[in-house]
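Here's the structure, in structure tokens; my notes come after.
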There are 2 protein chains.
Amino acid sequence: MPGRRRLSPGDTPYDWREESITVADLGEFGLIAAIQALLPPGSPGPVGIGDDAAVVNAPDRRVVATTDMLVEGRHFRRDWSGAFDIGAKAAAQNLADVAAMGASATALLIGFATPGDLPVTWAEDLVRGIADECGRAGASVVGGDISSADSVVIAITALGDLGGRDPVTRSGARAGDLLAVAGRLGRAAGGLALLEAGSPADEFAGLLASHRRPRPPYAAGPEAAVLGATSMIDVSDGLVSDLGHVAEASGVLIDIETARLPDDPDLRTAGGALGADWLRWVLAGGEDHALAATFPPQTALPAHWSVIGTVRAGRGVTVDSASAEGLAGWHHFL
Amino acid sequence: MPGRRRLSPGDTPYDWREESITVADLGEFGLIAAIQALLPPGSPGPVGIGDDAAVVNAPDRRVVATTDMLVEGRHFRRDWSGAFDIGAKAAAQNLADVAAMGASATALLIGFATPGDLPVTWAEDLVRGIADECGRAGASVVGGDISSADSVVIAITALGDLGGRDPVTRSGARAGDLLAVAGRLGRAAGGLALLEAGSPADEFAGLLASHRRPRPPYAAGPEAAVLGATSMIDVSDGLVSDLGHVAEASGVLIDIETARLPDDPDLRTAGGALGADWLRWVLAGGEDHALAATFPPQTALPAHWSVIGTVRAGRGVTVDSASAEGLAGWHHFL
């Protein structure tokens with residue numbers, strides 16, 4: 001359809017209300033056909049989209065499975081993020097959960113509820129973003145469901161394969177282990193703070209992009225499993241908060257050493273501009289989907305894993321050996 | 001907590017607004033803990049609820065996966081159905097999709113978005129219903145996600161195992177095959193019509209129960225695969241509509257013979273009472289989650305499979321060899 005604008009990665013969000021063809025115009029099956037046409041060919045199994053269910057290869061004889069919902073107004077705003085980025089982010093948070101088990105993502109299923117007046121281009125860009133992020137992780141979209149609703153809700157399920165390795169759970173950290181992270185921390189929270197302050201200046205484009213679309217280090221998940229990681233978690237609610245789950249499940253104390261946190265000049269600059277504590281974004285900010293893992297003390301880690309602390313006997317999470325109270329992340333209903 | 005009323009299967013819906021403890025009172029992690037406490041122990045794999053992702057056994061080396069969303073006001077009304085039935089129905093429609101591939105369901109993941117003022121008992125009863133239906137199908141709840149939203153949205157993903165059999169898709173029907181159904185047809189639509197007409201009389205309790213909670217014949221799915229079914233579909237949108245997908249995918253014509261449809265006195269009585277055509281409920285009503293399958297002509301079928309038609313050369317679906325136009329099922333956005 002000539003003249004219909006499409007978002008690409010890097011484009012700025014557009015005013016979706018300008019669009020005229022709605023999902024109601026297209027109808028359920030029309031929308032499904034439009035979505036299917038956007039997905040790259042090829043399926044990780046014998047049955048893809050279009051039957052009662054998909055059939056996905058699970059060579060390991062075990063399948064990793066996780067699900068997450070994104071609700072408009074809670075997890076994203078259509079005026080702050082473009083559909084492409086929202087789709088990529090929705091996929092990323094599930095694909096990162098698969099990686100955090102030490103698995104490689106294979107397949108994604110999309111539940112999509114939307115008002116009938118949503119422009120078709122918005123739904124299409126959402127799917128493009130999902131497919132693009134799946135491509136980064138090596139997974140394919142194999143199925144989904146579309147429904148009407150008063151606001152947009154995206155429910156994604158990701159599947160993965162362990163490749164013969166044991167899953168890396170939250171419960172295996174042992175006193176003496178190293179704490180390391182792969183991926184970025186605090187950038188999504190910094191970007192969100194800039195948006196909330198109405199300060200989306202050009203110099204902060206990188207942080208805004210990090211808020212709109214996290215870049216989880218998918219390959220680092222299976223890599224950590226191969227390297228002997230004793231525990232691993234996807235940092236989605238905030239480093240302190242998520243490590244709290246590991247500490248609790250493992251029955252250990254985890255200490256973060258702030259001096260060892262990777263430096264991020266963007267965060268320092270934005271913190272200065274907003275009069276905000278950038279370290280708080282790093283410790284308490286969620287949605288970057290870094291991977292945090294613990295490793296036996298002598299593990300030789302590749303450079304993209306930064307050692308940022310240690311595991312000790314005890315309970316809970318400390319920052320520079322002091323209480324981390326007040327640095328818990330964001331919860332629903334609170 | 002003494003005095004808090006709980007729904008059991010067969011109870012009538014209650015006024016949820018009477019309840020006082022809300023999910024916002026409990027908080028996200030409190031609600032997760034409450035839900036976990038309701039789920040039967042045991043998991044179909046090495047990692048259940050509580051990590052970044054579940055790990056589910058997939059002995060077949062392939063996994064069947066399907067997802068569906070239920071949106072308040074679109075798929076259910078809290079004043080027409082109790083939470084237990086809504087949960088059971090949400091699970092059933094996914095578990096039936098797994099069965100329709102010829103697979104046995106193994107695991108379920110639940111996405112649950114809700115307003116903060118939802119009574120905790122409602123969420124608990126929903127989970128009880130989901131768990132109860134999982135029990136009917138032999139599956140376990142292995143994970144999920146909770147979010148806040150303006151209305152209740154339930155997104156369920158079901159996984160299943162093929163047990164070494166080929167998946168039964170929609171595309172294998174051949175001219176000469178028998179058309180057969182297992183499970184009930186038209187009862188959910190009849191029950192819905194009674195509710196819409198404000199006629200929930202005692203004599204129709206069975207139909208109302210069928211609307212509130214379908215009873216898919218899960219075991220008939222793998223059974224059909226063993227019996228050599230050439231195609232199969234879960235009847236969710238309506239018999240004619242769903243067989244249309246099979247006819248299209250298989251490149252055949254499917255003829256339904258109304259004289260061979262199983263008699264259902266409840267439907268005849270309700271049709272008479274409402275001045276409605278009960279046959280229309282059977283042919284166009286969805287949500288009963290019967291299984292419709294095609295079999296080679298000489299297949300000896302158990303009694304719970306009713307032969308109701310034949311597959312012929314041609315295209316589309318006919319009823320008694322006449323056009324089935326006007327009997328398409330319910331679609332979103334239309």
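Could you list, in sequence order, all residues of the range B:171-226 that are in contact with a Pro (Cβ under 7 Å, 6 or more places away or on another chain) and free of Cβ contacts under 8 Å to residues at least 12 places away in the same chain?
Quick first cut of the range B:171-226, residues in contact with a Pro (Cβ under 7 Å, 6 or more places away or on another chain) only: B:176-178, B:182-183, B:188, B:194, B:208.
Correct list: empty.
State all residues of the range A:218-228 that are farther than 22 Å from A:SER171 by Cβ and open to solvent by less than 40 Å² (accessible area, probe 1.4 Å); if no residue qualifies, say none.
Passing the criteria: only A:TYR218.
Among the strands (runs of 3 or more DSSP E) contained in the range B:106-217, which hold 1 or more residues that are closer than 26 Å to A:ASN94 by Cα and open to solvent by 10 Å² or more (accessible area, probe 1.4 Å)?
Working: elements: B:140-148, B:153-161, B:178-182.
By residue number, B:140-148, B:153-161.
Within the range A:252-264, is even one residue within 14 Å of chain B (Cβ to nearest Cβ) and in contact with an Asp or Glu (Cβ under 7 Å, 6 or more places away or on another chain)? I'd like the intermediate steps shown before the answer.
As a first pass, look at the range A:252-264 and keep what is within 14 Å of chain B (Cβ to nearest Cβ): none.
No: the range A:252-264 contains no residue that is within 14 Å of chain B (Cβ to nearest Cβ) and in contact with an Asp or Glu (Cβ under 7 Å, 6 or more places away or on another chain).
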Selection within the range A:229-251 - surrounded by fewer than 21 Cβ atoms within 10 Å (Cβ to Cβ) and away from chain B (no Cβ under 14 Å): A:GLY251
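Kindly evaluate A:LEU274 against the criterion of being over 27 Å from A:ALA88 (Cα atoms), at pLDDT below 95 and under 23 Å from the mean Cα position of the chain (by Cα).
no
Every residue, every condition in (1) over 23 Å from the mean Cα position of the chain (by Cα); (2) open to solvent by less than 40 Å² (accessible area, probe 1.4 Å); (3) farther than 20 Å from B:SER250 by Cα, yes or no:
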residue: B:ASP263; (1), (2), (3): no, no, yes
residue: B:HIS289; (1), (2), (3): no, yes, yes
residue: B:ALA313; (1), (2), (3): yes, no, no
residue: B:SER323; (1), (2), (3): yes, no, no
Hits in the range A:40-76 - residues which are more than 7 Å from chain B (Cβ to nearest Cβ) and open to solvent by less than 10 Å² (accessible area, probe 1.4 Å): A:LEU70
Single match in B:ALA37, B:ALA107 (criterion: at pLDDT below 95 and farther than 26 Å from B:ASP150 by Cβ): B:ALA37
All positions within the range B:57-90 that are under 22 Å from the mean Cα position of the chain (by Cα) and more than 30 Å from B:GLY285 (Cβ to Cβ): B:VAL63
Some residue of the range A:79-101 being outside any helix (DSSP H, G or I), open to solvent by less than 40 Å² (accessible area, probe 1.4 Å) and more than 10 Å from chain B (Cβ to nearest Cβ): yes
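The values are calculated or read from the model by the stated rules, or taken from the named source; none is laboratory data. Not measured: the values here are computed from a predicted model. Methodologically, a virtual Cβ is constructed for each residue, glycine included, from the backbone with ideal geometry; neighbour enumeration extends over all protein chains shown. Accessible surface is based on the protein model in full, side chains and every heavy atom, while ligands, DNA and RNA are left aside. Shrake-Rupley method; radii C 1.70, N 1.55, O 1.52, S 1.80 Å.
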